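Shown next, in structure tokens, is the structure this report addresses.
The values are calculated or read from the model by the stated rules, or taken from the named source; none is laboratory data. Not measured: the values here are computed from a predicted model. Every residue, glycine among them, receives a Cβ derived from its backbone with ideal geometry; neighbour counts consider all protein chains shown. Accessible surface areas use protein heavy atoms only, side chains included; no ligands, DNA or RNA. Shrake-Rupley method; radii C 1.70, N 1.55, O 1.52, S 1.80 Å.
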Amino acid sequence: MGEEGTEGTVHLLCLAASSGVPLFCRSSRGGAPARQQLPFSVIGSLNGVHMFGQNLEVQLSSAKTEDTTVVWKSFHDSITLIVLSSEEGTSELRLERLLQMVFGAMVLLVGLEELTNIRNVERLKKELRASYRLIDSFLGDSELIGDLTQCVDCVVPPEGSLLQEALSGFAEAAGTAFVSLVVSGRVVAATESWWRLGMPEAVLLPWLVGSLPPQAARDYPVYLPHGSPTVPHRLLTLTLLPGLELCLLCGPRPPLSQLDAQLLERWWQPLLDQLRACLPLGSRALPAGFPLHTDILGLLLLHLELKRCLFTVEPSGDQEPSSEQRRRLFRSFYTLVTATHFPPEAGQPEEKAEEVVHRAQVPRACYLVSGAEEPGTGWRLVALQLGPRRLLLLLSAQSPTHGLRGLATHTLHALTPLL
């Protein structure tokens, strides 16, 4: 179930839908960027079979060979994205959401008008280069999971109320309602207006900040794929500590120069210890000392209404499997339970009317056991849904199968006050 997919290759193709001209091709192998490019003849064939189906009013969305899954998706009858993956355990759901995030990233940095009304292909190619770093981070082995869950990756700071109060005060002083505190691409705290951002920008903005090289301050033009796809906004970032950044979304004002050192010191110098305590949360998500059962090797908690999630594979990082394997296991298990057992998240396009009718019949818990033939080896995965929350746990082989649901229920109740 994706455990041995490290050497799989992913190819992402972007083409102009009307002409079939390739705009870019990005690849990864084993979770790392790769320079391997598909031959033009292959690109032309993949696009040609999709266009042939469209001419016959047949929508070709996916195909499978013995070792590769292919997914096509057109956006606004202008851009066609194609992804090919030979990674073991890759599902169509995962690739469909990848394409949605990639197009969102293109709109975020180029704007919808440039993508739907292509006047100069060569100029568009150059403009799209700005999105390569963000797109490559989706193809790689990311520590985040919001690209798949379409929920904002969050962390829980030890003194969140103090940080929230300072954030609200700073936002008022800076003259913008959209402010967040981000550590390693995860939201620590945010204003109410920031939390009301639609999808996919709510996921893309902190992910973008986490993907950029370190910088003391930035003034970055961005479009909001849902809220403002044709009119750019400004994303201002200020580094409070290495890896911890203050993000502001605003219009023409305030100028970056207005956010001077005195304003930052006034609001954040008194909270320097609390800010330092946020730095380890980038990989841990939960505050130090939070009580978790010793069998838990990782967890993913989703709040499907708030569109936020907590994800960590480091409650006990000294055990097997490795952090990279744990992340792959979670991604594969999430796609399995989402596509097979649990109903799609509210508002997802794949949710069909007949699926809503049969909601009463869907399970509320499921589990997967590996290595059962050899006692003390392998791992256990369990998923539990209660109300708007869905919890996925990765457990060690020592955890008894008959106790999985009880452990998951107890853990979910303990985590509920945090999200």
Exercise for review: Assign unit charges at the C-beta atoms only (+1 for Lys and Arg, -1 for Asp and Glu), then state the dipole size of the chain relative to its Cα centre in Debye, rounded to the nearest 20.
Suggested key: 580 debye
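With a 1.4 Å probe and all protein chains in place, put E159, E57, E96 in order of accessible area, largest first.
E57, E159, E96
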Check your understanding: In the chain, what is the count of Lys pairs whose alpha carbons are under 29 Å apart, counting only pairs at least 8 residues apart or on separate chains?
Key -> 7
Review point. Extent of the chain along each principal axis, from alpha carbon coordinates, in Å, largest to smallest?
Key: 63, 61, 42
Review point. Just checking the chain: which Cys have no other cysteine's beta-carbon under 4.7 Å?
Key: C14, C25, C154, C247, C250, C278, C366
**Study point:** Value of relative contact order over the chain, rounded to a whole percent, pairs C-alpha under 8 Å and six or more apart
**Key:** 13 percent
Check your understanding: Residues with amide H under 5 Å of R308's amide H, sequence separation 5 or more or different chain, H placed in the peptide plane at 1.01 Å from N; which?
Key -> V152, H303
Practice item. Would you please give the residues with an amide H less than 5 Å from that of L297, counting only those at least 5 places away or on a separate chain, with H modeled from the backbone geometry? Key: L394, L395, S396
Study note, to complete from the structure: One would report the antiparallel percent of DSSP beta bridges in the chain, rounded to the nearest 5, as 95 percent
Revision key, fill the gap. With L144 itself left out, Lys, Arg at +1 and Asp, Glu at -1 over residues whose Cβ is under 12 Å from its Cβ give -1
